[in-house]
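Below is one structure, written out as structure tokens; the observations come after it.
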Amino acid sequence: MKHTSLRNYKNIIRDLSELRSVKPTPAFRSRLEQIVFASLPQEKYLYNKYLLPYSFRVLTLTFILLLFSGLGIVSASQNAIPGSVLYPVRQLVLDTKIYFTSDSGEKAILNLEKSENKIEEIKTSVSVGNDEKLENAINAYKQTIDEVAKETKSFNEKNSETTDNIVNSLGRQEQTLQEIKNIVPENRKPAINNAINSRDNAARQVEEAVGNPENNSGNTQVKSIETQPANPEKSNENKLNNYERR
Amino acid sequence: MRHKFSIFPLYKKRVNDLISERLLVYKAKKKDKKAYAKLYLKHADSIYRYVFFRVNRDIQQAEDITQEVFFRAWGKIDSLRDEKVNFRAWIFRIAHNLVIDYYRGSKNETGLNENIPDHKHTEEKNLEKLDQELLLSAIEKLTHEQKEVIVMKFIEGFSVREISKVIKKKEIAVRAIQYRGLKKLKKLLK
């Protein structure tokens with residue numbers, strides 16, 4: 001009984017669905033489309049069809065949002081430290097700058113900044129005790145510091161300020177590396193020594209390239225002013241006085 | 001035997017339809033007649049059918065009311081708050097209100113109308129099956145509410161939720177009306 005009843009309902013529903021074949025007459029449809037739509041009151045357009053279409057506006061807005069977000073991220077990443085989320089962004093920005101720079105002085109400074117970042121990475125790796133990261137950081141540091149030395153080979157008198165910056169920075173790096181060496185366990189000291197050696201090589205190359213008076217074997221022309229006396233006349237007078245005393 | 005089918009194409013089609021309808025509604029709200037015309041083409045047959053069965057298959061009335069539905073919808077389209085509103089349910093609400101106005105105007109409060117006007121035979125020529133004719137006669141004998149729910153549910157394919165939004169009743173009430181309507185149809189068709 002129940003099945004008969006259900007079948008009846010199903011039949012009714014099926015028959016009802018067949019009533020979808022009922023449609024308006026073609027005459028009515030054409031009348032509606034031609035007459036009614038033509039007479040629909042047209043209000044003032046709320047937007048000008050000559051203005052940018054919707055999709056273009058959406059794309060433009062999306063592009064602007066992405067641009068400002070990107071700039072914001074880059075700006076925020078400038079102070080990122082190794083281990084933070086934005087640190088890779090900072091590295092990427094720096095690498096991009098190095099890639100697109102043609103000036104050797106600027107390239108050297110950027111590589112120097114990169115080497116200082118690598119020292120930060122070394123410090124972080126030592127503090128967390130990650131040997132693999134430490135090794136990677138040291139290798140990266142060596143590469144970067146070699147780049148610095150390579151760029152300084154083409155320096156001339158115009159780069160004296162840059163050279164001073166590099167020399168000062170290398171000095172600070174030496175101090176930092178020595179401090180790190182003092183605190184690391186014995187088994188990690190060889191790795192730090194490698195880094196220090198790379199720094200020393202780079203410093204030597206820089207000094208050779210620019211003729212630092214500390215290095216006697218270097219070219220003394222650039223900083224020869226430091227070896228000359230301040231007042232040659234007075235010096236001669238002193239010599240004369242010393243001679244007279246004799 | 002159950003047939004295997006993938007729901008992904010159906011879902012994808014439904015999503016595409018939804019997106020394109022929302023876009024059309026957005027444009028129609030900006031008084032784009034072409035977009036409105038597309039919406040009309042999509043829903044005209046359904047509206048006509050709904051009104052046709054509600055006015056006891058009176059073709060002239062069905063055409064007049066259908067025409068009025070689309071006219072009124074054009075004027076009121078700004079009242080659609082956002083494009084997420086179901087356009088079909090909204091336009092059927094307009095049709096529902098107009099049919100009620102028609103009943104009030106013609107004082108035809110009950111659906112038990114045994115008098116079938118002559119011009120209906122033109123439409124009946126298209127319905128050859130006798131059982132279909134019996135079904136149509138039986139539908140006319142339902143109450144307004146039952147007719148409305150039965151037509152929207154089983155002919156136009158509305159969900160219970162959509163019907164409840166159109167006739168402003170709770171879903172449980174819609175289900176009850178549907179059940180009573182089907183039961184009455186079954187009794188009438190015996």
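The values are calculated or read from the model by the stated rules, or taken from the named source; none is laboratory data. This is a predicted model, so every value here is computed, not measured. Heads up, the Cβs are rebuilt from the backbone with ideal geometry, glycines too, and the neighbour counts pull from every protein chain shown. Accessible surface areas use protein heavy atoms only, side chains included; no ligands, DNA or RNA. Shrake-Rupley method; radii C 1.70, N 1.55, O 1.52, S 1.80 Å.
Just by accessible area at a 1.4 angstrom probe, what is the order of A:SER102, A:SER160, B:SER46 from largest to smallest?
From most exposed to least exposed: A:SER102, A:SER160, B:SER46.
For B:TRP90, what accessible surface area do you get with a 1.4 Å probe? Give it in Å², rounded to 10.
That residue has around 40 Å² of solvent-accessible surface.
What do you reckon, how do A:GLU120, A:GLU207 stack up by accessible area (1.4 Å probe), largest on top?
Output order, biggest surface exposure first: A:GLU120, A:GLU207.
Points 7 angstrom from Cα along the Cβ direction at B:ARG180 and B:LEU23: gap in nanometres?
Label at B:ARG180, label at B:LEU23, 4.5 nm between them.
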